[in-house]
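A.B. asks: Following this message is one structure expressed as C-alpha cells.
Please treat every number below as a calculation from the coordinates, not as lab data. Note that the structure is predicted; figures quoted are calculated from it, not measured. In this analysis, Cβ positions are derived from the backbone assuming ideal geometry, glycine residues included, and neighbour counts consider all displayed protein chains.
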Amino acid sequence: MTHTAYISHPDCLLHDPGPTHPERPGRLHAIRNALLDEGLLEGLILLDAPPATDAQLERVHSPAHVARIRASAPAPGQQTMLDADTVMSKGSLTAALHAAGAGVAGVRAVMEGEADHVFCAVRPPGHHAERERAMGFCLFNNIAVAAAHALAHYGLARVAIADFDVHHGNGTEDIFREDPRVLYCSSFQHPFYPGTPLAERDHLIHTPLAAGTDGATFRAAIERDWLPALDRFQPELVLVSAGFDGHRDDHLASLHLAEDDFAWVSRALVDVAARHAGGRLVSMLEGGYDFPSLGRSAAAHVRALCELSRR
C-alpha cells in the first residue's frame, strides 16, 4: 500500500502563455495520462492544491513583488509580458497561487502524517522566481514557499532542497543565499540559462554539467556532490525541484538523461529522507517540455516515490 500523495488543481491549466510557448497546459495532461497508463494514479492519495496566501508568499517574496504579480493579471484574451520568456494570461495568477499552495499542502501532508512522499503536479514552475523578480516562466517560487512554510509553521531547523532541473534555480538560490537552515543542491547544464553568478556558500551545492552529459556522468556527480552534503546536513525534510528537461528528447537543453536516471536520483533522495527526515519528502514539478518524455520521466519519478514509501 502506497502512502504517496499527488497534489494538483484544475486551475493550474488556466495559465496559458500561448500555443508556441514551451510551458503549455498539455504538460500536466501528459503527466496525468502517463500515470494513468502505468496504473500509478489509482494508488495515490489525491489532494487538491489550495491557493497560497499572501502571508505564505511573503515569507520568500517582498510584498511589492506579490502586489506586482497581482496587478499584472491581464484582461481576458490579453497577455502581460513580464520578460521575454515569462507571460501572464487571465488565468495565470490563479494558477500560480495554486502552484505555490501545493507546496504548502505537501509539507502539511508529510509533517502531519497523511503521506510519506508527495508529488505536486502544478504549473507555472517556480525555481527561477527571485525574491523581487518573476522570470524564466516562473511567477512565484513554489519550492521556496514550501521550504519557508516548513521552517516557520513547523519549526524545522534544517530543510534540504534538491533541484535536478536542467537549469540552475537562481531564484531559489537568491531567496536562501544567506539562510543556512536551507541546504540547496542544484545540478544544471552549464554554461546555460539563466547564467547568473553562482554564490559560494557552504549550504549551496552547485553541480554544473556540460552539454551532452549522459546518465552515468550525472549519477557520479550526484554521488560526489549531493549525497555527502545531504548526509552531513541531516535534513528534517527533503524537498525536490523535479525538472525533467534534462531528458535527451527535450530539445530546450542538451543533457542526455533518460527516465532511469530520474528514477535513480529519486530513489537516492528518498533514501536520504529515510535516513534523516523520517521519510518526509515533497517533490514539485519544475521543467520538462517534451510531452512524451515528460510523462514517462514523471511516471518514473512517482513510481520511485511509491515503491520506497516507508509504510
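A.B. asks: How much mean residue ellipticity at 222 nm does the chain get from its helices, if each DSSP H run of length 4 or more adds -39500 (n - 2.57) and you divide by all residues, to the nearest 500 deg cm²/dmol?
C.D. replies: -12000 deg cm²/dmol
A.B. asks: Hey, how many Å between the Cα centroid of the range 40-115 and the Cα centroid of the range 204-256?
C.D. replies: 25 Å
A.B. asks: Cα centroids of the range 273-308 and the range 2-28: how far apart, whole angstrom?
C.D. replies: Cα centres, the range 273-308 to the range 2-28: 16 Å.
A.B. asks: Between Arg224 and His153, what FRET efficiency follows from the Cβ-Cβ distance if R0 is 41 Å, with the result rounded to 0.05?
C.D. replies: 0.75
A.B. asks: Here's a follow-up. Quick check: pseudo-label points 7 Å beyond the Cα along Cα→Cβ at Ala64 and His21, how many nm apart are they?
C.D. replies: 2.5 nm
A.B. asks: For a quick check: with amide H placed at 1.01 Å from N, whose amide H comes under 5 Å from Ser283's, ignoring anything fewer than 5 positions away on the same chain?
C.D. replies: Result for Ser283 returns Val118, Phe119, Cys120, Val240.
A.B. asks: Now, a different point. Using packing as a proxy for protection, rank 157-166, 115-124 so that the peptide with the highest average count of other Cβ atoms within 10 Å comes first.
C.D. replies: So the order, starting with the most tightly packed, is 115-124, 157-166.
A.B. asks: A further question on this structure: Putting +1 on Lys and Arg Cβ atoms and -1 on Asp and Glu Cβ atoms, find which of Gly91, Val104, Gly169 reaches farthest to the positive end of the dipole of the range 87-175.
C.D. replies: The residue sitting farthest along the positive end of the dipole is Gly91.
A.B. asks: What shape does the range 258-311 take by its C-alpha gyration tensor, where a ≥ b ≥ c are the square roots of the eigenvalues and a/c under 1.5 counts as rounded, a/b above b/c as prolate, and the rest as oblate?
C.D. replies: prolate
A.B. asks: Another one. I need the shape label for the range 78-166. Rule: rounded when a/c is under 1.5, else prolate if a/b > b/c, else oblate, with a, b, c from the alpha carbon gyration tensor.
C.D. replies: Since a/c reaches 1.5 and a/b is larger than b/c, the shape of the range 78-166 is classed as prolate.
A.B. asks: State to the nearest 20 debye the size of the charge dipole of the chain about its Cα centre, where the only charges are +1 on K and R beta carbons and -1 on D and E beta carbons.
C.D. replies: 480 debye
A.B. asks: Here is a follow-up. Among DSSP beta bridges whose residues both lie in the range 4-307, state the antiparallel percentage, nearest 5.
C.D. replies: Expressed as a percentage, antiparallel bridges in the range 4-307 total about 10.
A.B. asks: Still on this structure, I have one more. Starting from the Cα gyration tensor of the range 162-224, take the square roots of the eigenvalues, sort them a ≥ b ≥ c, and report rounded, prolate or oblate (rounded when a/c is under 1.5, otherwise prolate if a/b is larger than b/c, else oblate).
C.D. replies: Because a/c hits 1.5 or more and a/b fails to exceed b/c, the range 162-224 counts as oblate.
A.B. asks: How high is the FRET efficiency from Glu42 to Arg131, r the C-beta distance, R0 45 Å, rounded to 0.05?
C.D. replies: Working from the Cβ atoms, E equals 0.70.
A.B. asks: Still on this structure: Per the Debye formula with a single identical scatterer at each Cα and no solvent contribution, what log10 I(q)/I(0) holds for the chain at q = 0.09, 0.16 Å⁻¹?
C.D. replies: Debye intensities relative to I(0), on a log10 scale: -0.37, -1.35.
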